Amino acid sequence: MWLIPLAATVVAGVFAVMLARQFLARHGQAQLLWAIAMAMFAVASAAVTIGVASGWTTRLYGIYWALGAVLNVAFLAGGELVLLFRKPWVRWAVWLVLVFATAYTVAVISGAEMSAEALAVQLPRGIKVFGGGTPAHGLAQLVAYPAFAILVLGAIWSAWKMRGRPELRDRFIGTLLIALGASVVAAGAAFAATGVLAGFIGTLVAGICLMFWGFLRASRPVVVPDALPVVAEPAQPEPTV
């Protein structure tokens, strides 16, 4: 079973590297934020791989919870906002919120108590590990849920603006695939909440692969249709005397 989250680790890692290369080439803040988010996915998937294969520790579960259940979606949403609203103040506001959210998440999880009994299963449930109503367990609702809504609505809005433009067909489909992939990963939270390991891992891998596919599709060069040839009007015969 641990081979499947390992595959997700590899896919997310390759995705992060490709986004980082785009950032270095174009200096786009959206690519940087998405590269960080995919790196978080990769690390969180690696934590799941180790936890399933050899058992969970408090440190391992803290890494998984912080990067996989809380922060990665926030960075994806931040990249979407920067892409949609190309204003310097938006970029600074997004980074400020993300830095605060990261610091708060790390502080809460570092100080949280975790149940050793709850960590003894293959897929520990957050409500059992941290306890219902605790700040650590509530991080997903506080950070990840609003970020997911921003991400999906932003992607749908982007796709809507590109509709009916043949030259942007790949970007249109890619944007929808990214939104769909994020939704599949989010749906995996239902499996994680009930401790269904196969369902959680399946949605994790499927969602990351869909986002990767969408990124590849959206990154294809935009081909602008050739302009229609200009047909010269027939020459008028010169008048005869």
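Yes or no, residue by residue, for (1) touching a helix residue (DSSP H, G or I) at 6+ places or on another chain (Cβ under 7 Å); (2) within 17 Å of Ala44 (Cα to Cα); (3) at pLDDT 75 or above:
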| position | (1), (2), (3) |
| --- | --- |
| Gly138 | no, no, yes |
| Ile156 | yes, no, yes |
| Met162 | yes, no, yes |
| Asp170 | yes, no, yes |
| Thr175 | yes, no, yes |
| Gly181 | yes, yes, yes |
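Would it be correct to say that Leu6 is modelled with pLDDT under 85 and over 15 Å from the mean Cα position of the chain (by Cα)?
When the stated conditions are applied, Leu6 passes them.
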**Message:** Any residue at all in region 117-128 that's of a type outside the set (A, V, I, L, M, F, W, C), closer than 30 Å to Ala218 by Cβ, touching a residue at least 12 places away in the same chain (Cβ under 8 Å) and part of a helix (DSSP H, G or I)?
**Reply:** no
**Complete:** Within region 41-58, the residues that are under 18 Å from the mean Cα position of the chain (by Cα) and among the β-branched types (Val, Ile, Thr) are Val43, Val48
**Prompt:** Looking at (1) of a type outside the set (S, T, N, Q); (2) in a helix (DSSP H, G or I); (3) at pLDDT 90 or above; (4) open to solvent by 20 Å² or more (accessible area, probe 1.4 Å), which is the only condition Ala112 fails?
**Reply:** (2)
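Being at positive phi and surrounded by 15 or more Cβ atoms within 10 Å (Cβ to Cβ) is true for just one of Gly188, Gly195. Which residue is that?
After ruling out the rest, the residue left standing is Gly195.
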**Prompt:** Which ones in region 59-93 are in contact (Cβ under 8 Å) with a residue 60 or more places away in the chain, more than 13 Å from the chain's Cα centre (by Cα) and open to solvent by 20 Å² or more (accessible area, probe 1.4 Å)?
**Reply:** Trp65, Leu83, Leu84, Arg91
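Has region 37-55 got any residue that is over 21 Å from Ala189 (Cα atoms) and small (Gly, Ala, Ser)? I'd like the intermediate steps shown before the answer.
We begin by selecting, within region 37-55, every residue over 21 Å from Ala189 (Cα atoms); these are 54.
Now restrict to residues that are small (Gly, Ala, Ser): 54.
Yes, there is a match, as at least one residue in region 37-55 is over 21 Å from Ala189 (Cα atoms) and small (Gly, Ala, Ser).
Of Ala101, Ala77, Ala112, which residue is of a type in the set (Gly, Ala, Ser) and over 19 Å from Met38 (Cβ atoms)?
Ala112
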**Val152, sole failed condition from (1) open to solvent by less than 40 Å² (accessible area, probe 1.4 Å); (2) within 23 Å of Ala46 (Cβ to Cβ)** = (2)
**Fill in**
Checked region 30-58 for anything over 17 Å from Val143 (Cα atoms), among the small types (Gly, Ala, Ser) and open to solvent by less than 30 Å² (accessible area, probe 1.4 Å); matches are Ala30, Ala35, Ala42, Ser45, Ala47, Gly51
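The values are calculated or read from the model by the stated rules, or taken from the named source; none is laboratory data. The structure displayed is predicted, hence computed values, not measured ones. Note that we place each Cβ from the backbone using ideal geometry, even for glycine, and neighbour counts take in every protein chain shown. Accessible surface is based on the protein model in full, side chains and every heavy atom, while ligands, DNA and RNA are left aside. Shrake-Rupley method; radii C 1.70, N 1.55, O 1.52, S 1.80 Å.
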